1. Quick check, is A:ILE575 β-branched (Val, Ile, Thr), at the interface with chain B (Cβ under 7 Å from one of its Cβ atoms) and surrounded by 14 or more Cβ atoms within 10 Å (Cβ to Cβ)?
2. What number of residues within segment A:560-572 are buried (at least 23 other Cβ atoms within 10 Å of the Cβ) and more than 9 Å from chain B (Cβ to nearest Cβ)?
3. Scan B:LEU21, B:LEU65 and give me the residue that is open to solvent by less than 40 Å² (accessible area, probe 1.4 Å), in contact with a His (Cβ under 7 Å, 6 or more places away or on another chain) and either more than 15 Å from B:LEU99 (Cβ to Cβ) or within 14 Å of chain A (Cβ to nearest Cβ) (or both).
4. Check B:LYS200 against each of (1) modelled with pLDDT of 95 or more; (2) open to solvent by 30 Å² or more (accessible area, probe 1.4 Å); (3) farther than 17 Å from B:SER544 by Cα and name the one condition it does not meet.
5. Identify, from the list A:PHE208, A:PHE258, the residue that is touching a Leu at 6+ places or on another chain (Cβ under 8 Å), on the phi < 0 side of the Ramachandran plot, hydrophobic (A, V, I, L, M, F, W, C) and in contact (Cβ under 8 Å) with a residue 12 or more places away in the chain.
6. In the set B:PHE520, B:PHE537, which member is under 27 Å from B:VAL205 (Cα atoms), open to solvent by 10 Å² or more (accessible area, probe 1.4 Å) and assigned by TED's automatic domain parsing to the domain that holds B:VAL249?
7. Does B:GLU163 fit the bill of being at pLDDT 95 or above, open to solvent by less than 60 Å² (accessible area, probe 1.4 Å) and assigned to a loop (DSSP other than H, G, I, E, B)?
8. Among the candidates B:ARG145, B:ARG137, which residue alone is in a helix (DSSP H, G or I) and more than 24 Å from A:PHE527 (Cβ to Cβ)?
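The values are calculated or read from the model by the stated rules, or taken from the named source; none is laboratory data. Computed from a predicted structure; not experimentally measured. Glycine also receives a Cβ, built like all others from the backbone with ideal geometry; neighbour counts cover every protein chain displayed. What goes into the accessible areas is simple: the full protein's heavy atoms, side chains included, and nothing from ligands, DNA or RNA. Shrake-Rupley method; radii C 1.70, N 1.55, O 1.52, S 1.80 Å.
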Protein chains: 2
Amino acid sequence: MLRTHTCGELTIRDLGKEVTLAGWVQKSRDLGGMTFIDIRDRYGVTQLTFNANEDAKICTQARELGREFVIQISGKVIERSSKNPKITTGDIEIKVSRLQVLNTAKLPPFLIEDDTDGGDDLRMRYRYLDLRRNPVRNNLILRHRMAQEVRNYLNGLNFIEVETPVLIKSTPEGARDFVVPSRMNAGEFYALPQSPQTFKQLLMVSGFDRYFQIVKCFRDEDLRADRQPEFTQIDCEMAFIEQEDILNVFEGLVRHLFKSIKGIDMDTFPRMTYADAMRLYGSDKPDLRFEMKFVELKSPEKQANPILNPRSGFPIFDQAELVIGINAKGCAEYTRKQLDELTDFIKRPQIGATGLIYCRHQADGILKSSVDKFFDEVQLQKWSQAFESKPGDLILILAGSGDKVRKQLSELRLEMGNRLGLRNKNTFSPLWVLDFPLLEWDEESQRYHAMHHPFTSPKTEDISLLDTNPAQVRANAYDMVLNGAEIGGESIRIHDKNLQALMFKHLGFSKEEAQKQFGFLMDAFEFGAPPHGGIAFGFDRIVSLFAGLDSIRDVIAFPKNNSGRDIMIDSPSTISDEQLKELKLGVEI
Amino acid sequence: MLRTHTCGELTIRDLGKEVTLAGWVQKSRDLGGMTFIDIRDRYGVTQLTFNANEDAKICTQARELGREFVIQISGKVIERSSKNPKITTGDIEIKVSRLQVLNTAKLPPFLIEDDTDGGDDLRMRYRYLDLRRNPVRNNLILRHRMAQEVRNYLNGLNFIEVETPVLIKSTPEGARDFVVPSRMNAGEFYALPQSPQTFKQLLMVSGFDRYFQIVKCFRDEDLRADRQPEFTQIDCEMAFIEQEDILNVFEGLVRHLFKSIKGIDMDTFPRMTYADAMRLYGSDKPDLRFEMKFVELKSPEKQANPILNPRSGFPIFDQAELVIGINAKGCAEYTRKQLDELTDFIKRPQIGATGLIYCRHQADGILKSSVDKFFDEVQLQKWSQAFESKPGDLILILAGSGDKVRKQLSELRLEMGNRLGLRNKNTFSPLWVLDFPLLEWDEESQRYHAMHHPFTSPKTEDISLLDTNPAQVRANAYDMVLNGAEIGGESIRIHDKNLQALMFKHLGFSKEEAQKQFGFLMDAFEFGAPPHGGIAFGFDRIVSLFAGLDSIRDVIAFPKNNSGRDIMIDSPSTISDEQLKELKLGVEI
């Protein structure tokens, strides 16, 4: 080893020891006859001292060191006169007797400090330098520790990690598959897996009983929001279980992560049906760090007992299927400008609402709405009761139809949560969302599609609805939500041939189509498939939530940008004609 | 859970318990009024009994079960009258009171038994059924446990597992890269990594200090021997170390695996230089489970003191640069037929020797050679001394030149090891081979190539030879060998710019070429690269050696065949014109 100790471990207990350290020059200061250098490695920082009076030569050498030079020093551990209680090594320094430059360094294009002056692009281009910064490195150490704990927990429950293939087969539905031309089988392609779905089900047919894998998956899609073309899943499957078993085992996994990584004892996770989540929060992944439930002033369900007069004279309400709102507590004093900002927010094309109605519950108890000419004090009192508003609150209302207006209000709710500081990154609110619909209507093909995949099992009691009201059929499908982000989910699978055939019929698959698309899995199911189900967690996402970060990019060592490019290595890139020729491929642009 | 216990855990201590099991019907026997069924899951087998006199209905039901049906049963644990000491559950059986068929099964195309009747192709096509067999499943459980222990060991030494990207950049030298067309960047390609080499070196520049990853790598090459297009490496790198540190840490890893997986305390691994390995065993990965070292009767080094008369009159010896042989102990009684077999063996085109000379050291002490007319008893006595032969031994000799004849003799040595039963799969002989040559001559391009990669550091004392005798320059490069298979290896890297420039000069790279091919790594090295080095282990190979298997295929859940095809999923395969169009690609066959 080129060192006897790391830069993060020497303390007052080591006084007098002769040590050798190696690392990077973090910073240096000259004070009269003394030179101080901070030497840094992954483990910490240690102060080095050089005294010009005692050893002029080495002091001169030290003064010539640039930032980020790689050095090796030997010297004696001595007590520091001005201690630094913020770091482990803050009580000591090294009086250096030998200094060797292991490597010089060009001046980095940005500061290697916790708060750097480098912009996003620059830091991505020099990602290897960005990774030297503590916060970035700590994210990856956190990721490592979390992967370790995931494995510890699942190993302890007899799960077996099995590596499934990366070079698989493209399916006709795999429009977003990355494909890989084979040189040995020219004209033919492998595909990269969007998930190991089929393989984990095959492993259940094989009797593996409890499978998991922390595994890279791939999707060649437009990278809206916070996606990466390659991402990591904690992929799991169990046999001889029911939905409740999956929920327990994997709630246990996440609780174990909270306990082992953050020292937090989480309560049992609340559960909510998909229907309730949509009705109360307008989202299948509600952020439960704050309440602010939806209140319905008018809805098809409330027709018998509406809070609004069905003929209020206010055309927007009278024509709307749904009038719903939230109570923004303590916001009655919002200025005109603030309310305009909210209106602009919901009118943005991504949200697409047409207007915002509000009602202030003033400190003096008086209710003042933006639609005072249509609603008198008595009517507004009814609103206030419905919203349980108190003096100082602000009621925000949207009108429209169905899921559309619910999703708009959901966005407004999250925005208010942000404004009110209710979405603290150190607060963690997990939630199971259950009973997802089995099918969703696809406008383009004018038929129902499986919401997850065609092997998802319907609730037994809903099977009869497949003929009469397919949209109402609930699946044994579940999502785990944390702070408004879906972190995991999947389903109990169909293992019964007849039910599977029924499903394919309802999805409009002929027997031949089903065979073509899912052939080998269908074949495998003929040989004795056990009841089974599983879950997959987005590992990047969970780590970023644990790290309190907004983007998954920050927990990936070498991420790609929004165009799927790695700007550090400049990839993707063109390949040589020779390579194309070997692959028997032509590029047609 | 659909069971209270697994099929592998009930023992005499559970007598009287009411239990529920679920699993596959392994086999069933009717004996008069009794039906016995073995139910199997991943954990074991339990015997079920059905008594026609006591419960005719359930007994009838049981008799209708086919092999591999998936069933759930409830019943009482009772003592077995004829016990089976071979299995954990052999003392008990379940008197079944309830039987439910969870799934029927078609008759499998081969027996789901330890010794199956299925051929290779059939078992690969139905890999999910092959995986039900104990030996196959146990291989994957072993693999899982070994991965766990690798992580335990490296975690314990402060290594961080970092996921490096799978979608990287193709390099001009990457003729065997799999490439991945990008839809979002049409006409451009990612490449799949042959190893995370550059990224792990970048992580060292980033100060990660100790990195590892159990990671899939990819190579689109002709799959001679026992290769797979996707394979798994234990990839590692350390900073601020010297070669000795790498050897110690990773010898420790393999010793830990032997201890934790097999309960074997391994001695310190022997070390041998590449030069000695070639000289004594004709191989850079000698199988040290048995001795049988090469003996040189004539060689350039022995010219001053040859064992052979330089003008023996036997033209094959007289013309050969090298006359070398082995002593096959106890084989003096080999028949003409056996000797012919050996001659045929070395004449096979893969080996390519022209002939075999032998000398029997008969039980009566007399030496009888196949070249008696050229060598008298006195001369043969000299051979015998050189080979330390005893009555009963057989000396086998090849003549030729340089490494070629050494490799031929190496094959013969291994063959004799096989014939003499000296290559026991339960004996483990590890070895470090050190001081590999830095460069190798490439006939095609008529220049020296880096044996491993251009960042491999030369031995300091050999640098001056770069100008005078490049082939003699030794590298700080090492391989770990186990039972004649290379299981890991790599090198200490060059971190010094000037030395790197010198290397590129000697490899015939212009500055521009070097920049183009290794640009971002070269750039990174400008910013303060620490001294570093690493190693990568072939995980598939190590597992197969631990499992006592010949092929890595058997330790891969879903392997590909020798043409790189997965015949279960039928991949690679053609993709739709639509997909090709989206990728702006044309297939030109």
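1. On the way: β-branched (Val, Ile, Thr): yes; at the interface with chain B (Cβ under 7 Å from one of its Cβ atoms): yes; surrounded by 14 or more Cβ atoms within 10 Å (Cβ to Cβ): yes.
Yes: the conditions hold for A:ILE575.
2. Total meeting the criteria: 0.
3. B:LEU21
4. Condition not satisfied by B:LYS200: (2).
5. Working: A:PHE258 fails: touching a Leu at 6+ places or on another chain (Cβ under 8 Å).
Of the residues listed, the single one that is touching a Leu at 6+ places or on another chain (Cβ under 8 Å), on the phi < 0 side of the Ramachandran plot, hydrophobic (A, V, I, L, M, F, W, C) and in contact (Cβ under 8 Å) with a residue 12 or more places away in the chain is A:PHE208.
6. So the residue among B:PHE520, B:PHE537 that is under 27 Å from B:VAL205 (Cα atoms), open to solvent by 10 Å² or more (accessible area, probe 1.4 Å) and assigned by TED's automatic domain parsing to the domain that holds B:VAL249 is B:PHE520.
7. yes
8. Result of the check over B:ARG145, B:ARG137: B:ARG145.
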